[in-house]
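The values are calculated or read from the model by the stated rules, or taken from the named source; none is laboratory data. What you are looking at is a predicted structure, and each value in this text was computed from that prediction instead of being measured. Cβ sites come from the backbone with ideal geometry, for glycine too, and all protein chains shown count toward neighbours. Note: accessible area is taken over every heavy atom of the protein model, side chains too, but ligands, DNA and RNA are not part of it. Shrake-Rupley method; radii C 1.70, N 1.55, O 1.52, S 1.80 Å.
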Amino acid sequence: MDKKENDLMTGVKKYQRVFVIVLDSIGIGEAPDAAKFDDVGSDTLGHIGEFFQGHLALPTLAALGLSNIRPDKPIAGVPVQARPLGYFGKMAEVSAGKDSMDGHWEMMGLPVTEPLGFFPNGFPAELIKKIEDFSHRKVIVNKPYSGTDVIHDYGEEQMKTGDLIVYTSGDSVLQIAAHTDIIPLKELYRICEYARSITIDQPYRIGRVIARPYSGPDKDHFVRSSDRHDYALPPTGETDLDRLQQAGYTTLGIGKINDIFSGQGITKGWHNASNMDGMDHVQHVVTNEDFTGFAFANLVDFDAMYGHRRNAQGDGEALEAFDARLGEILPELRATDLLMITADHGNDPTFKGTDHTREFVPLLAYSPSMTSFGSLGIRSPFADLGATILDNFSVPGNGIGHSFLDLLH
């Protein structure tokens, strides 16, 4: 028996495997500082429930206590439970922004205190010229745009000219779209890698550079590829993933986790083609990976496919599909497993605009070994999540965040 296994047997460590699933953009009501972001009134889960007129079918999340998070205003169609399966609460972010990178870094003990660069009027001419000079291609668009709308409106021009479609959003992102028949993936990635290399520091400090390949014969049939690749800022300090890995524990990343942390602190990772592909990876890890450590998963379709496109119907259906898969996975968890479900920000599909919304995020915790249930209250910062994981494995943190491990029974 090795030391980690012995620690588990002697009670130093409560859980052998900790799983966190991030439902990307599934917020649960405006955050205390929502006014600062012009997001007062946003409520991703609440408004999806209202859109479905009380027929949103989420039995597994309901059983875990989703509506118990706010029993005075339950999610329509998701009943409050007299005896939920585990623990429930919500988290409030302290980072300067509301991007995925901010949320995930904060969960891992690294709040983003310096605001990232935002370019609501497009990127400066000198930055665009550097990209053009490097790629030997002209840049078109260069303004905020919906990802699906921009390829509909400019995709055919891009195919004819070989230009690069560069656009942004309300987040700190520089996105480059190109048809895969015109600019091969390898070339698009190389251009994005260059753009990443020159936008790390001020005056740009852009959170993510995203390669957005698409295919199809014409503007009415263009489809964005699952070969999207995010080039995030490298973490500006040590994260809880680094701490766990340095202490000898396995750290697994599913979905865009590897991109968000630039591969740092991650033992092994899998990219997702979709939410369901991501749940396939989660199920594989739960049933087939015998490890001691932490598995971190992100399901991005809620955000990329539905939230930004303000598609409440699709968002709700994606939640129902996730709930069904979650129901299949719960019985496969071991008594020594801990599963936590949360989000990184909101993206209310009924709200104005097309950008993320500053909201509380749900927090659900479950293990087959739990003998009780209860409220975790409001946790802030998001780093409480990472502090809890570190506490479970007796790994020292940086003092940011407070563990709630002792509340889980």
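Restricting attention to the stretch 178-199, report how many residues are surrounded by 14 or more Cβ atoms within 10 Å (Cβ to Cβ) and part of a loop (DSSP other than H, G, I, E, B).
Total meeting the criteria: 5.
Can you tell me which residues in the stretch 23-58 are β-branched (Val, Ile, Thr) and open to solvent by 10 Å² or more (accessible area, probe 1.4 Å)?
Scanning the stretch 23-58 gives a single hit, 40.
Could we say that residue 61 is open to solvent by less than 10 Å² (accessible area, probe 1.4 Å) and touching a residue at least 24 places away in the same chain (Cβ under 8 Å) here?
Spelling it out, residue 61 is indeed open to solvent by less than 10 Å² (accessible area, probe 1.4 Å) and touching a residue at least 24 places away in the same chain (Cβ under 8 Å).
Please determine, by comparing only the residues of the stretch 214-227 that are in a loop (DSSP other than H, G, I, E, B) and open to solvent by 50 Å² or more (accessible area, probe 1.4 Å), which one is nearest to residue 155 (Cα to Cα).
Only one residue fits best here, namely 219.
Considering every residue within the stretch 353-366, establish whether at least one is in a helix (DSSP H, G or I) and open to solvent by 10 Å² or more (accessible area, probe 1.4 Å).
The answer is no; no qualifying residue exists.
Return the residue satisfying two criteria in turn: it lies in the stretch 266-291 and is β-branched (Val, Ile, Thr) and assigned to a loop (DSSP other than H, G, I, E, B), and of such residues it is most open to solvent (accessible area, probe 1.4 Å).
Looking at residues that are β-branched (Val, Ile, Thr) and assigned to a loop (DSSP other than H, G, I, E, B), I get 267.
Checking the condition touching an Asp or Glu at 6+ places or on another chain (Cβ under 8 Å) and either open to solvent by less than 50 Å² (accessible area, probe 1.4 Å) or closer than 23 Å to residue 68 by Cβ (or both), which residue from 384, 323, 344, 337 passes?
Exactly one of 384, 323, 344, 337 is touching an Asp or Glu at 6+ places or on another chain (Cβ under 8 Å) and either open to solvent by less than 50 Å² (accessible area, probe 1.4 Å) or closer than 23 Å to residue 68 by Cβ (or both), namely 344.
List pairs: first residue in the stretch 197-223 and over 18 Å from residue 166 (Cα atoms), second residue open to solvent by 20 Å² or more (accessible area, probe 1.4 Å) and not polar (S, T, N, Q) anywhere in the structure, Cβ distance under 6 angstrom, at least six positions apart or on different chains.
Listed pairs, sorted by first residue: 216/222; 216/223.
Kindly indicate whether residue 216 is closer than 30 Å to residue 403 by Cβ and of a type outside the set (Val, Ile, Thr).
no
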